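In what follows, a single structure is set out as C-alpha cells and then discussed.
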Amino acid sequence: MEITGVYATPGYSGFFFDDQRAIKQGATQDGFTYEGEPVTDGFDEIRQAGETIIVDIELADGTVVRGDCAAVQYSGAGGRDPLFQAEEYAPVIEGPVADELEGRDATDFLDNAELLEELEVEGDRLHTAIRYGVSQALLAAAAEAENTTQTDIVADALGTEPATEPVPVFGQSGDDRYNNTEKMFVKGVPVLPHALINSVEKIGEDGEVLLEYVEWLVERSQELGPEGYEPRFHIDVYGMIGEIFGAPYDREEVVDYFAALEEAAAPFPIQIEGPMDVGNRADQIDAMVELREGLADAGVGVDIVADEWCNTFEDVQAFVDAGAADLVQVKTPDLGGIHRSGQAVRYCEGTETRAYLGGTCNETETSARACAHVALATDAAQVLAKPGMGFDEGYMIVENEMRRTIARREREQLTADTDEVTADD
C-alpha cells in the first residue's frame, strides 16, 4: 500500500526538558522549576516544557497512522543531539522527509526506516527525534498495511522470535521517590524505582542517604508488595557516585560502597545506572570497566548500567564490546529510527551484557506503545514505563500494550492452527 502523505503537528511531550549541566553545577529548585541561568545551548530556562511533533502518515486507502517525535529530558547533554524545538523541525518533516517517503510502499518498513536514517538536509543528518518519530509512523503504517501487529513487523525486519510474556517493566519514580515507589510495590512492578539521584543532597556527602533509601526499599517492598514479590532495584545516580568518591573506581573505598549497596538491598538484586560521568565516551568506558573489574575482584554483585555517553547504535556497540556494563540502556530517542533500538538490543545477544530498552519520561503515549512492540519483538531484559513522572500512566500504557499484543497474537495463532486442522480434514 502506498504512502500518500506525511504531516507534522507541533505538540507537547509527557514531561520537560531539563538543563542537566546547570542542575549538576548546583542550580536549586524553586517549586517545580529551577533558579539560575541555563548553560546548555538552546535552553531559555533550566526547566522548560517538553515538545513533540505528531507525525501523521496517510495511506492510499485513506488510513492515517501516527508516530511522535521525542527527545530525552536531558537533551544536549552527554553527547546527544541539541534541544529539540518542534516549530523549527516541523517544516523538515513536511518538506524533505515527505518528499522522500511519499509514493513508497508502506509494507517496506525496514527499507523506509533505513532511508530515513541516511537522509541528509543541507549536509546534516536529521535530528534523532525526527528519525525516531517518523520511523514509528512508518512502523504503524507497515502494520496497518499488513494487517498485523507492530511486534510482528519488527520481528520480521530483525529476524527475531517475539516474547510470549510481557517484558519486565521498569518503573521510574521521579523526585517523588517514596510515594511513587509505594505505588509500584502495590502493583508488583518487577524493576524499580529509578529514584532520580542527581545531586549530592539526594545521595549524601558520603553516599549515606542513598544507602538509607535502599534499606527502605527492601522493608517497604515486603510490606506492600504482593505475596512472593521479588523486585529488582534499579537506581540511576547520574554520575553522583563518581562526584562524591572520584577516580580510580576500583579502589577499596569505592568498592566498599558498592558492597554496602548490595548488603542494603539484600536479598534482592540491585543495579546502578550511570555511576560516574567523566565527560566523553572513551573515558566513560574505561571508568566503567575499571569499576566492574574492581567489583568482580571483590566479589561484589551489583550490576552496572550504561547510560551517559551511550547514545547511538555505535555507542552501544562500543560499551558492549568493551564489557563496560552488565546492562546497557538503549535510549530509544537517542538512537534515531526505532528499528535501530531493536538492532541495538539484538547486538547484546550472545554477550555478557543485557539490553534495557529505555528512553525518557519526556516521550508520548504513542512512542511508548511503539517501544513496547520493540521490547516484545526482541525480548529485551527490561523496558521503561513511560512517559511522564507520575508512574501509573506510563506503566499502564507499556504493560497493557504488551499484554494486548500477546493476546492478539495468541488469538491469531489459534485461528491459524484451527484453519490448518480444518484444511487437513
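The values are calculated or read from the model by the stated rules, or taken from the named source; none is laboratory data. What you see is a predicted model; the values in this text were computed from it and never measured. Please note: Cβ atoms are built from the backbone with ideal geometry, for glycine as well, and neighbour counts cover all protein chains shown. For the accessible areas, the whole protein counts, side chains as well, though only heavy atoms, and no ligand, DNA or RNA atoms are used. Shrake-Rupley method; radii C 1.70, N 1.55, O 1.52, S 1.80 Å.
Sparsely packed loop sites in the stretch 163-207 (the GluC sites (Glu not before Pro) outside DSSP H, G, I, E and B with at most 12 other Cβ atoms within 10 Å) comprise 205. The charge dipole of the stretch 352-421, taken about the Cα centre with unit charges on the Cβ atoms of Lys, Arg (+1) and Asp, Glu (-1), comes to about 160 debye, rounded to the nearest 20. Here the dipole of the chain is about 600 debye; that uses its Cα centre as origin and unit charges on the Cβ of Lys and Arg (positive) and Asp and Glu (negative).
What's log10 of I(q)/I(0) for the stretch 180-322 at q = 0.20 Å⁻¹, Debye sum over Cα points only, no solvent? Summing over Cα pairs of the stretch 180-322 leads to -1.20. Note that the chain presents 40 Å² accessible area per residue, ligands and nucleic acids not counted, probe 1.4 Å. Comparing 234, 106, 43 along the charge dipole axis of the chain, the residue lying farthest to the positive side is 234, per the Cβ-charge model. Backbone geometry of the stretch 116-127 corresponds, through the Karplus equation with coefficients 6.51, -1.76 and 1.60 at θ = phi - 60°, to 3J(HN,Hα) couplings of 5, 4, 8, 5, 10, 10, 6, x, 10, 5, 5, 3 Hz, x marking Gly and Pro. Rg then Dmax, both in Å and based on the Cα atoms of the stretch 36-194: 18.7, 52.
Evaluated on the chain, the Kirkwood hydrodynamic radius is 22.1 Å, with distances taken between all distinct Cα atoms. Taking the 1.4 Å solvent-accessible surface of the stretch 323-425 as the whole, the part contributed by carbon and sulfur is 47%. For the stretch 136-147, the Karplus equation 6.51 cos²θ - 1.76 cosθ + 1.60, evaluated at θ = phi - 60°, returns couplings of 4, 5, 5, 5, 5, 5, 5, 5, 5, 5, 8, 6 Hz by residue, with Gly and Pro reported as x. Placing 177, 220 in order of accessible area, with the largest value first and a 1.4 Å probe, yields 220, 177. Across q = 0.14, 0.16 Å⁻¹, the stretch 297-407 modelled as identical point scatterers on its alpha-carbon atoms has Debye log10 I(q)/I(0) values of -0.53, -0.68, in the order of the q list.
Using a cutoff of 8 angstrom between alpha carbon atoms and counting only pairs six or more residues apart, the relative contact order for the chain works out to 17 percent.
Counting pairs of alpha carbon atoms under 8 Å apart in space and at least six apart in sequence, what relative contact order in percent does the stretch 283-370 give? Walk me through the numbers before you get to the answer.
On the way: 113 pairs, mean separation 22.6, N = 88.
Computed value for the stretch 283-370: 26 percent relative contact order.
Close amide H partners of residue 74, meaning residues 5 or more places away or on another chain with modelled amide H under 5 Å apart, are 18. For the stretch 1-147, the relative contact order is 31 percent, taking Cα pairs closer than 8 Å that sit 6 or more residues apart in sequence and dividing their mean separation by the residue count. Carbon-plus-sulfur accessible fraction, the stretch 54-155 (probe radius 1.4 Å, protein heavy atoms only): 37%.
Along the stretch 88-93 the Karplus relation, 6.51 cos²θ - 1.76 cosθ + 1.60 evaluated at θ = phi - 60°, assigns HN-Hα couplings of 6, 9, 4, x, 5, 5 Hz to successive residues, with x for each Gly and Pro.
Among the protein heavy atoms of the stretch 1-42, carbon and sulfur supply 49% of the accessible surface, probe 1.4 Å, non-protein parts ignored.
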